[in-house]
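The values are calculated or read from the model by the stated rules, or taken from the named source; none is laboratory data. All of these numbers come straight from a predicted model, not from anything done at the bench. Cβ coordinates were reconstructed from backbone atoms using ideal geometry, including for glycine residues, and neighbour counts include every protein chain displayed. Note: areas computed on protein heavy atoms with side chains; ligands, DNA, RNA excluded. Shrake-Rupley method; radii C 1.70, N 1.55, O 1.52, S 1.80 Å.
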Amino acid sequence: MIVLKFGGTSVGSVENFRKVARIVQDCQEDKIIVLSAMSGVTNTLVSISELLRASKTKEALELINGLNQKYLVVAKDLLESDEGFYKAQIVLKKQHQVLLSIVEESFTIQNEKIVMAQGELVSTNLFQLYMEEIELESVLLSALDFMYIDKFGEPKSAVIKDRIGKVLANYSVNTFITQGFICRNEQNEIDNLNRGGSDYSASLIGAAVEANQIQIWTDIDGMHNNDPRFVDHTFSVKEMSFDEAAELAYFGAKILHPQSIIPAQESNIPVLLKNTFKPESIGTLIHNKAKVQKIRAIAAKDNITAIKIKSYRMLMAYGFIKKIFEVFEDHKTAIDMITTSEVAVSLTIDNTSKLKEIINELQAFGNIEVDSDLSIICIAGDLAQNKKGVTSAIFNGLKDIPIRMISYGGSNYNLSFLVKSIDKIAVLNILNEGLFKRLEIEVLQA
Ligand code: ADP
Ligand code: ASP
Ligand code: MG
């Protein structure tokens, strides 16, 4: 079994739906196709939710009706048979009704989650009808029948495995289609795996069915050595280890949802990143046999806040760091980076929803300084501490950039440091020049 996930751009138009179907047709193995919402749709659903939250019903209705019109145009063009278009109209009418009825009700978080789920529900239905029209046998599965998260929003892997196993056993076809992103929570309500979560769905489903491979099809030819949105002359990396990919995804490489590598890594399932618009390009293979390379790629994560706790009570004291960590644990706030000195601890977080409470509690331990608008720069590669020259190669070019924190030695695959977000693009470009020029030439000559 293979899992193939197609992102928003890959199902963003009629032409692209057709491209996806060709890729699916060319894949001879048993497969589960995981689809995102059509590009732009989840953003529109977020806007609808925001308008409803602000009681701007008229504006929300305009967006809802606009979305429905857009879908009808796509469906008419995609499905040439009367029967196909008729079936699509039924699906679209139903989802239109769901949104319209939510407008009638008062705004709740649960209704917001239902709104957010509509994008994937529509894209998968349209794709399945297209597969039917071109006579490719497939079965549409509802991810809401098997994707479950617990009360902390973490996937329930054992439940997913059990449920999807039972669902698949009902059919004898070799192509299944399902939604990325959406799931059910502890209360059995509709929920989601956060923005970009379809990658995570694909990886969780791959692990649950013990797939041979998980393919993530997107709009670029695999993981690049640096963020192509901010740096020219980036190039596709042919292979990398799970650890490297996990670090890059967590620290901002948008091509992968931050947690999406973990299920694949735990089950040792290779992940292949491919370009829907250039299927012949080899993409990036993430697996456990990747040839070691000193520096593999760079990523950056924005919206980081640094907190410094300064206290002379920390001198020679044990148990101090534990107490600080407990504050973050109590507020379910993950720490990304940490550095310590004799009299201070600095750490970074990206979720600031509980910042006020955290600072209030930390004040009992010493002086607190908070800095925001920071970015973590993550360099992934074989960065084991017994290697010479790695740190100097990284920091040589950065002498004019103020660096707020450095974290090295925590893992063998990552060095990260903190800069002001206004310096991020400059840093990514300087590092690209300094670390990858030679590799880029090799890639171009290959
Ligand atoms: P999808 O909708 O298919 O999930 P995304 O937009 O989430 O696609 O991810 C693909 C995008 O990720 C690319 O178009 C690119 O702009 C961005 N990106 C950021 N960092 C990287 C990187 N290191 N390598 C490749 N793409 C990256
Ligand atoms: N449609 C969702 C989003 O836009 C999930 C995804 O595309 O991965 O965030
Ligand atoms: Mg994505």
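One compactness figure for the chain is 1.05, namely its Cα radius of gyration divided by 2.2 N^0.38 Å.
Scanning residues 5 or more positions from Met337 or on other chains, those with amide H under 5 Å from its amide H are Thr348, with H placed 1.01 Å from N in the peptide plane.
Magnitude of the charge dipole for the chain, about its Cα centre and with charges confined to Cβ atoms of Lys, Arg (+1) and Asp, Glu (-1), is about 960 debye. If you take the Cα centroid of the stretch 371-419 and the Cα centroid of the stretch 25-97, the two points sit 43 Å apart. The amide H of Ile216, built 1.01 Å from its N in the peptide plane, has Lys5, Leu272, Leu273, Lys274 as neighbours under 5 Å, considering only residues 5 or more places off or on other chains. 3J(HN,Hα) couplings calculated from phi for the stretch 375-383 with the Karplus curve 6.51 cos²θ - 1.76 cosθ + 1.60 (θ = phi - 60°) are, in sequence order, 10, 8, 9, 10, 10, 10, x, 8, 10 Hz; Gly and Pro show x.
Across all Cα atoms of the stretch 282-431, the radius of gyration (one decimal) and Dmax (whole number) stand at 17.1, 56 Å.
Put a dot 7 Å past the Cα of Phe395, heading toward its Cβ, do the same for Val167, and the two dots end up 5.0 nm apart.
Of the peptides 136-149, 80-93, the order by per-residue mean of other Cβ atoms within 10 Å, starting with the highest, comes out as 136-149, 80-93.
Along its three principal directions, the equivalent ellipsoid of the stretch 354-406 from the Cα gyration tensor extends over semi-axes of 33, 14, 11 Å, largest first. Here the Karplus relation 6.51 cos²θ - 1.76 cosθ + 1.60, evaluated at θ = phi - 60°, turns the backbone of the stretch 246-252 into coupling constants of 5, 5, 5, 5, 5, 9, x Hz, with x for every Gly and Pro. Its residue count N fixes a reference of 2.2 N^0.38 Å for the stretch 14-85, and the Cα radius of gyration divided by that reference is 1.45. Listed peptides 120-133, 51-64, 7-20 appear in the order 120-133, 7-20, 51-64 once ranked by packing, highest mean of other Cβ atoms within 10 Å at the front. For the chain, relative contact order (Cα pairs under 8 Å, six or more residues apart, normalised by length) works out to 13 percent. Per-residue 3J(HN,Hα) values for the stretch 113-128, derived from phi via the Karplus relation 6.51 cos²θ - 1.76 cosθ + 1.60 with θ = phi - 60°, read 5, 5, 4, 4, 6, 5, x, 5, 5, 6, 4, 5, 5, 5, 5, 5 Hz in sequence order (x marks Gly and Pro). Based on every Cα atom in the stretch 145-273, Rg and the maximum pairwise Cα distance Dmax equal 15.4, 49 Å. Summarising the label geometry, the points placed 7 Å from Cα in the beta-carbon direction at Thr352 and Glu29 lie 4.4 nm from one another. Under 5 Å between amide hydrogens, built in the peptide plane, is the criterion, and for Ile32 it picks out Ile2, Val3, Leu4, Phe176 among residues at least 5 positions away or on other chains. If the segment from Ser106 to Tyr408 were pulled out straight at 0.36 nm per residue, it would be longer than the present Cα-Cα gap by 103.8 nm.
With all protein chains in place and a 1.4 Å probe, the accessible surface of the chain carries 50 percent carbon and sulfur.
Between Leu140 and Asn367, the FRET efficiency from the beta-carbon distance, with R0 = 41 Å, is close to 0.10. Using the Cβ-Cβ distance between Lys420 and Lys93 with R0 set to 51 Å, the FRET efficiency works out to roughly 0.50. Annotation for the stretch 307-347 versus the stretch 170-199: alpha-carbon center distance of 38 Å. Computed with a 1.4 Å probe over protein heavy atoms only, the accessible surface of the chain comes to 47 Å² per residue. For the stretch 157-280, DSSP calls about 45 percent of its internal beta bridges antiparallel. Provide the percentage of antiparallel DSSP beta bridges, counting only those with both residues in the chain; round to the nearest 5. Beta bridges within the chain, antiparallel portion: roughly 60 percent. Extension gain for the segment Ile335 to Lys289, taken as residue separation times 0.36 nm less the Cα-Cα distance, is 13.6 nm to one decimal. Here r is the Cβ-Cβ distance between Tyr312 and Glu62 and R0 is 45 Å; the resulting FRET efficiency, rounded to 0.05, is 0.15.
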